[in-house]
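Colleague: Sharing a structure with you now.
The values are calculated or read from the model by the stated rules, or taken from the named source; none is laboratory data. Because the structure is predicted, anything quoted here is derived from the model rather than measured. Because the Cβ atoms are built from the backbone with ideal geometry, glycine has one as well, and the counts that use them run over all protein chains shown.
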Amino acid sequence: MTTTQKLPAIRGVHNAPLEEFYTSGHRTCQGCESALVMKLMIKAAGPRTVVLGSTGCMYVANTTYYSTPWVVPWMHTQLGSSGSAATGAAAGLKALMKKGKMKEEPINVISFCGDGGGADMGLSAISASLTHPEYNHLVLMYDNESYANTDIQVSGSSPWGAHTSFSPPGKARRIMHDRWKKNTAAMLAHGHPKSRYIATGCASYAVDLLNKVRRALTLGGPTFIHSFDPCPKGWDYDPRYSHELGMLAVETGLWVQWEIEDGVLRYSGPSRMIAIGRRKRKPIVEYLKRQGRFAHFTEEDIAYFQSQVDEIWEKWGTPGVSSVKLDLKGDRA
Amino acid sequence: MTTRTAEEAPVAGREELISGSEAIAQACALADIDVVTAYPIRPYDTVMQFLSRLIADGALKCEFIVAESEHSQFEIVKHASAVGARTFVGSSGVGWFYALEAIAVTAGLRLPVVALVGNRALDDPGAFGCEHNDALAVRDLGWLMNWVSTGQEALDTALIAWRVAEDPRVFLPCAISADGAFLTHSQQIVRVPDKRLVDRFLPPYNRGDLQLHPDNPITIAPQVNEDWLMEMRKQTDAAMRRSRDVIIEAYLDFNRIFHRDLTPFTEEYMTEDAEVILVGVGTLALPIKVAVRRLREQGQKVGFLRLKWFRPFPMPEVQKALSKAKAVGVIDRDYSFGSPMHGGVLAHEVRSALYDVEPRVPVVNFVAGLGGREITQPFAREMFAITQQAAQSGASDTQTHWIGVRENQE
Ligand SMILES: Cc1ncc(C[n+]2csc(CCOP(=O)(O)OP(=O)(O)O)c2C)c(N)n1
Ligand code: SF4
Ligand SMILES: [Mg+2]
């Protein structure tokens with residue numbers, strides 16, 4: 001019963017299915033990229049799918065009683081439970097089919113969570129879910145870089161120095177958080193070799209994201225995708241620029257698009273061009289100056305931010321993915 | 001006496017010397033559960049050791065998932081239950097508390113998960129022994145709750161638990177409490193019924209049009225807020241109220257199919273003509289019953305009432321059993337600090353149940369056996385003696401007596 005739905009790759013946006021399974025009825029902000037991720041995710045997966053959604057904007061702003069946007073079966077799950085929800089639903093379906101209590105058929109199980117729910121609170125449950133090769137499911141972490149639903153508080157995934165409702169740049173002190181934790185997917189990939197597919201994505205590159213979802217579901221076993229989602233409310237910019245900001249994040253090299261399939265890492269789109277030296281990264285200031293959350297940045301802040309982006313490309317052992325470098329020269333035993 | 005049809009003729013089960021935990025594990029196999037999740041914490045976790053063995057040996061086909069925390073442990077079965085799988089889970093003490101978020105929403109979602117609580121003190125300070133505050137933390141949330149006192153009762157009650165919880169009129173989760181060590185780890189002779197009889201008693205779990213499945217594309221647990229939450233809470237309340245009749249029905253069927261004579265909600269022990277009655281749950285029944293017999297030999301009219309079910313609270317049974325008594329003593333293996341009597345949870349519930357009984361029965365509260373401390377015969381006699389005094393004075397004694405506690409330790 002390890003069969004999965006064979007979802008063929010989509011060649012170009014014009015070949016994407018027209019059918020929508022995430023439709024009207026939601027109340028996300030104008031320009032919400034996370035909502036677009038939902039739409040693409042389920043478009044890629046299709047109707048024979050069960051979706052589980054953690055608390056966060058994609059629950060609260062999406063599913064109001066009487067006006068659900070979900071055409072597929074959908075269930076809310078707790079903030080830190082995307083991993084356990086996926087395991088539970090997949091295990092339940094598997095048990096019932098194996099025991100002849102339910103018609104056998106490959107059903108996609110997708111569980112999504114925000115960065116707060118996934119990269120912070122639910123990390124241990126996601127990690128555990130990735131250790132069960134016998135259950136087929138995808139955990140998709142949509143990263144809007146804050147606890148957005150509760151009013152834009154800093155999360156483990158918020159960028160360095162961003163102004164959030166818990167990290168105000170005050171006169172006496174700027175409560176800037178000093179974390180740099182964007183590589184949740186890579187962290188999970190390295191520790192969970194039984195997971196056949198772990199990737200990053202961004203709705204600005206819609207076909208790439210659609211196909212990553214399809215590859216994850218087709219390969220089967222437990223899989224994970226981390227998407228980077230501009231959020232006009234939390235990042236403080238005009239909603240019309242969401243798409244552009246997603247592209248800028250990739251073009252500046254701040255957000256790195258890649259996938260690891262059966263242990264092989266491949267960069268995708270502009271990230272690949274940057275990685276193979278065919279394209280230069282845009283300066284990060286072009287990205288930072290477009291958003292109110294960085295309005296308090298000094299020249300030094302911008303330079304520091306740039307140095308951090310440079311570091312992930314120039315100093316990391318695997319650019320944009322792993323900071324670990326190899327040294328076989330010395331033995332310190 | 002009803003005459004037995006051929007179909008109802010007893011199918012021989014087998015007798016086994018097993019612990020309370022093992023009895024529950026046997027019930028899981030008989031009920032053909034689909035998904036079980038485990039996480040280690042004493043003393044409940046012995047049930048998972050037995051279950052994993054049953055699964056490893058092929059006696060039960062089910063997904064056995066070792067979670068990375070109790071929170072995930074309870075979330076996994078919650079979602080498995082939503083897609084239509086029969087589930088079992090359990091915990092003890094702080095492990096149960098670690099899962100509390102998941103436990104709360106399981107009831108809110110009306111998912112018939114069955115859990116074993118191997119009652120344990122909430123350390124710190126470190127303590128493995130039995131206290132009931134772990135299970136009692138969920139008493140207001142919509143979980144069906146019961147306390148079992150023997151291995152046989154553990155097995156029987158587990159089968160009844162799935163039957164009641166999964167009844168569409170109820171669809172509520174059920175927590176079976178078993179006193180840590182006293183029951184989870186002590187062996188008794190248990191009659192394990194034949195699977196064919198169990199199949200007659202326990203229909204398959206059918207989630208109906210609430211099932212999470214592509215054939216039934218529903219949205220479960222959307223945001224309802226002030227618009228609808230009250231109506232939904234009231235639905236849960238209605239389900240809990242309906243569960244009473246469903247429980248009675250289940251015991252009637254149970255007795256018919258397995259040729260037993262169980263009473264659904266309470267066990268009365270020599271209460272008929274008793275002037276003084278002690279009330280309690282779980283395994284303290286044993287020492288208290290011994291004390292009752294000894295005091296009866298001395299001509300004292302004493303008795304014992306054991307609550308088997310706590311949610312729904314067996315109000316009519318409690319009122320009926322206690323209304324003729326001259327005084328009632330309630331033994332709490334738990335505490336409710338700062339409560340009206342600075343006593344335990346059970347005493348307040350019993351006292352509230354007796355409020356409208358005329359003439360009002362005096363109630364005394366005992367806190368005893370905390371942290372697994374043994375309830376000895378002298379302690380049992382002391383509780384009867386104090387309750388006797390209340391019977392003589394005719395007034396409730398609201399000071400709450402801590403039994404078997406070293407003095408001057410404040
Ligand atoms: C256990 C728990 N703690 C806190 C909350 C409050 N809460 C609701 S939504 C939310 C934000 C979640 O942030 P994230 O996962 O990043 O999703 P987003 O809202 O940004 O889409 C929080 C903290 C909760 N629902 N549950
Ligand atoms: S706050 Fe951000 S993530 Fe939430 S609905 Fe608005 S745009 Fe989307
Ligand atoms: Mg977020």
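Yes/no matrix, rows are residues, columns are (1) more than 9 Å from ligand 1 (Cβ to nearest atom); (2) hydrophobic (A, V, I, L, M, F, W, C); (3) buried (at least 24 other Cβ atoms within 10 Å of the Cβ):
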| position | (1), (2), (3) |
| --- | --- |
| A:K94 | yes, no, yes |
| A:M102 | yes, yes, no |
| A:N108 | yes, no, yes |
| A:D115 | no, no, yes |
| A:S129 | yes, no, yes |
| A:H137 | yes, no, yes |
| A:E145 | no, no, yes |
| A:N149 | no, no, no |
| A:P169 | yes, no, no |
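Colleague: Then there's this: Against the condition out of contact with any Leu (no Cβ under 8 Å at 6 or more places or on another chain), polar (S, T, N, Q) and buried (at least 19 other Cβ atoms within 10 Å of the Cβ), how does B:T219 come out, does it pass?
Modeller: For B:T219, the condition - out of contact with any Leu (no Cβ under 8 Å at 6 or more places or on another chain), polar (S, T, N, Q) and buried (at least 19 other Cβ atoms within 10 Å of the Cβ) - is met.
Colleague: How do the pairs read when you match residues in the stretch B:210-236 that are more than 10 Å from chain A (Cβ to nearest Cβ) with residues anywhere that are of a type in the set (K, R), using Cβ under 9 Å and keeping only pairs 6 or more apart or on different chains?
Modeller: B:L210/B:R110; B:Q235/B:R110; B:T236/B:R110
Colleague: I'd like the full set of residues that are of a type in the set (G, A, S), more than 10 Å from ligand 2 (Cβ to nearest atom) and at pLDDT below 95, limited to the stretch A:42-74. If you could, list the steps in order and put the result at the bottom.
Modeller: So the first thing to find is which residues in the stretch A:42-74 are of a type in the set (G, A, S), and the list is A:44-46, A:53-54, A:56, A:61, A:67.
Keeping just the survivors that are more than 10 Å from ligand 2 (Cβ to nearest atom) gives A:44-46, A:53-54, A:67.
Within the stretch A:42-74, A:S67 is the sole residue that qualifies.
Colleague: Moving on. Output the number of the condition that A:A172 fails; it satisfies all remaining conditions of (1) more than 14 Å from chain B (Cβ to nearest Cβ); (2) more than 16 Å from ligand 2 (Cβ to nearest atom); (3) under 28 Å from A:V324 (Cβ atoms).
Modeller: (3)
Colleague: Report those helices (runs of 4 or more DSSP H) wholly inside the stretch A:161-244 carrying at least 2 residues which are of a type in the set (D, E), at pLDDT below 95 and more than 24 Å from A:I284 (Cβ to Cβ). Full working, then the answer.
Modeller: Values: elements: A:184-191, A:206-219, A:232-235.
Filter on the stretch A:161-244 gives an empty set.
Colleague: State all residues of the stretch B:139-168 that are touching a residue at least 40 places away in the same chain (Cβ under 8 Å) and among the aliphatic types (A, V, I, L, M); if no residue qualifies, say none.
Modeller: Just the residues of the stretch B:139-168 that are touching a residue at least 40 places away in the same chain (Cβ under 8 Å), to begin with: B:139, B:142-168.
Passing the criteria: B:L144, B:M145, B:V148, B:A154, B:L155, B:A158, B:L159, B:I160, B:A161, B:V164, B:A165.
Colleague: For B:R196, indicate whether it is crowded, with 18+ Cβ neighbours inside 10 Å, more than 8 Å from chain A (Cβ to nearest Cβ) and more than 16 Å from B:T157 (Cα to Cα).
Modeller: On the way: crowded, with 18+ Cβ neighbours inside 10 Å: no; more than 8 Å from chain A (Cβ to nearest Cβ): yes; more than 16 Å from B:T157 (Cα to Cα): yes.
No: the conditions fail for B:R196.
Colleague: Considering only the stretch B:380-402, state which residues are under 25 Å from the mean Cα position of the chain (by Cα) and in contact (Cβ under 8 Å) with a residue 40 or more places away in the chain. Give the steps one after another, and end with the answer.
Modeller: If we filter the stretch B:380-402 for residues that are under 25 Å from the mean Cα position of the chain (by Cα), which is where we start, we get B:380, B:383-384, B:400-402.
If the condition is that a residue be under 25 Å from the mean Cα position of the chain (by Cα) and in contact (Cβ under 8 Å) with a residue 40 or more places away in the chain, then B:A380, B:M383, B:F384, B:T400 are the ones that fit.
Colleague: Here's another thing I want to ask about it. Pick out, from the stretch B:47-161, the strands (runs of 3 or more DSSP E) lying fully within it that include 1 or more residues that are of a type outside the set (D, E) and more than 14 Å from every other protein chain (Cβ to nearest Cβ). Explain how you work it out, then say what you get.
Modeller: Details: elements: B:63-66, B:87-91, B:114-119, B:144-148.
Counting at least 1 such residues, we get B:87-91, B:114-119, B:144-148.
Colleague: Okay, moving on. Return the pairs, sorted by first residue and then second, in which the second residue is within 12 Å of ligand 1 (Cβ to nearest atom) and in a strand (DSSP E or B), the first residue lies in the stretch A:111-129 and is more than 10 Å from chain B (Cβ to nearest Cβ) and among the acidic types (D, E), the beta carbons are less than 7 Å apart, and the residues are 6+ apart or on different chains.
Modeller: Listed by first residue and then by second, the contacts come to A:D115/A:M141; A:D115/A:D143.
Colleague: Can you find, within the stretch A:1-41, the residue that is farthest from A:E134 (Cα to Cα) among those that are more than 14 Å from chain B (Cβ to nearest Cβ) and near ligand 2 (Cβ under 9 Å from one of its atoms)?
Modeller: Here the answer is A:Q30.
Residue by residue, here is whether (1) in contact with a strand residue (DSSP E or B) (Cβ under 7 Å, 6 or more places away or on another chain); (2) of a type in the set (S, T, Y) holds:
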{"residue": "B:V138", "(1), (2)": "yes, no"}
{"residue": "B:W143", "(1), (2)": "yes, no"}
{"residue": "B:W147", "(1), (2)": "yes, no"}
{"residue": "B:R169", "(1), (2)": "no, no"}
{"residue": "B:A178", "(1), (2)": "yes, no"}
{"residue": "B:F182", "(1), (2)": "no, no"}
{"residue": "B:S186", "(1), (2)": "yes, yes"}
{"residue": "B:L210", "(1), (2)": "no, no"}
{"residue": "B:D215", "(1), (2)": "no, no"}
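Colleague: Output yes when any residue across the stretch A:16-38 is closer than 18 Å to A:A90 by Cβ and either in contact with a helix residue (DSSP H, G or I) (Cβ under 6 Å, 6 or more places away or on another chain) or away from ligand 1 (no atom under 16 Å from the Cβ) (or both), and no when none is.
Modeller: Residues of the stretch A:16-38 closer than 18 Å to A:A90 by Cβ: none.
Checking the stretch A:16-38: not a single residue is closer than 18 Å to A:A90 by Cβ and either in contact with a helix residue (DSSP H, G or I) (Cβ under 6 Å, 6 or more places away or on another chain) or away from ligand 1 (no atom under 16 Å from the Cβ) (or both).
Colleague: On to the next question. Taking B:A385, is it surrounded by fewer than 20 Cβ atoms within 10 Å (Cβ to Cβ) and either of a type outside the set (V, I, T) or part of a helix (DSSP H, G or I) (or both)?
Modeller: Values: surrounded by fewer than 20 Cβ atoms within 10 Å (Cβ to Cβ): yes; either of a type outside the set (V, I, T) or part of a helix (DSSP H, G or I) (or both): yes.
Answer is yes for this residue.
Colleague: Answer yes or no as to whether B:T37 is in the same structural domain as B:P214 (by TED's automatic domain parsing), under 15 Å from B:P204 (Cα atoms), free of Cβ contacts under 8 Å to residues at least 60 places away in the same chain and crowded, with 24+ Cβ neighbours inside 10 Å. Spell out how you get there, then give the answer.
Modeller: Numbers: in the same structural domain as B:P214 (by TED's automatic domain parsing): yes; under 15 Å from B:P204 (Cα atoms): no; free of Cβ contacts under 8 Å to residues at least 60 places away in the same chain: yes; crowded, with 24+ Cβ neighbours inside 10 Å: yes.
No; evaluated as a whole, the condition is false for this residue.
Colleague: Quick check on the stretch A:142-154. Is at least one of its residues more than 15 Å from ligand 3 (Cβ to nearest atom) and touching a residue at least 40 places away in the same chain (Cβ under 8 Å)? Explain how you work it out, then say what you get.
Modeller: Step one: filter the stretch A:142-154 for residues more than 15 Å from ligand 3 (Cβ to nearest atom), giving none.
No.
Colleague: Filter the stretch A:42-68 for residues that are surrounded by fewer than 22 Cβ atoms within 10 Å (Cβ to Cβ) and more than 14 Å from chain B (Cβ to nearest Cβ) and give the result.
Modeller: Residue satisfying the conditions is A:K43 alone.
Colleague: For the structure I just gave you, tell me whether A:M187 is within 25 Å of A:S307 (Cβ to Cβ), aliphatic (A, V, I, L, M), surrounded by fewer than 24 Cβ atoms within 10 Å (Cβ to Cβ) and within 17 Å of the chain's Cα centre (by Cα). Before the answer, list the steps.
Modeller: Values: within 25 Å of A:S307 (Cβ to Cβ): yes; aliphatic (A, V, I, L, M): yes; surrounded by fewer than 24 Cβ atoms within 10 Å (Cβ to Cβ): yes; within 17 Å of the chain's Cα centre (by Cα): yes.
So A:M187 fits the description; yes.
Colleague: Quick one: count up the residues across the stretch B:169-191 that are under 16 Å from the mean Cα position of the chain (by Cα) and either among the aromatic types (F, W, Y) or buried (at least 24 other Cβ atoms within 10 Å of the Cβ) (or both). Talk me through it step by step, then tell me what you get.
Modeller: The first filter runs over the stretch B:169-191 and keeps only residues under 16 Å from the mean Cα position of the chain (by Cα), leaving B:172-184.
Among the residues that remain, those that are also either among the aromatic types (F, W, Y) or buried (at least 24 other Cβ atoms within 10 Å of the Cβ) (or both) are: B:172-180, B:182-184.
Looking only at that region, the number is 12.
Colleague: Let me ask something else. Say whether the condition of being modelled with pLDDT of 95 or more, assigned to a loop (DSSP other than H, G, I, E, B) and surrounded by fewer than 24 Cβ atoms within 10 Å (Cβ to Cβ) is met by at least one residue in the stretch B:280-294.
Modeller: Keep residues of the stretch B:280-294 that are modelled with pLDDT of 95 or more, which gives B:280-294.
Going one step further and asking which of them are assigned to a loop (DSSP other than H, G, I, E, B), we end up with B:281.
Add one more test, that the residue is surrounded by fewer than 24 Cβ atoms within 10 Å (Cβ to Cβ), and what stays is none.
Looking for residues that are modelled with pLDDT of 95 or more, assigned to a loop (DSSP other than H, G, I, E, B) and surrounded by fewer than 24 Cβ atoms within 10 Å (Cβ to Cβ), one finds none in the stretch B:280-294, hence no.
Colleague: For B:G299, are the conditions met, namely being on the phi > 0 side of the Ramachandran plot, loosely packed, with under 14 Cβ neighbours inside 10 Å and not hydrophobic (A, V, I, L, M, F, W, C)? Working first, answer last.
Modeller: Values: on the phi > 0 side of the Ramachandran plot: yes; loosely packed, with under 14 Cβ neighbours inside 10 Å: yes; not hydrophobic (A, V, I, L, M, F, W, C): yes.
Answer is yes for this residue.
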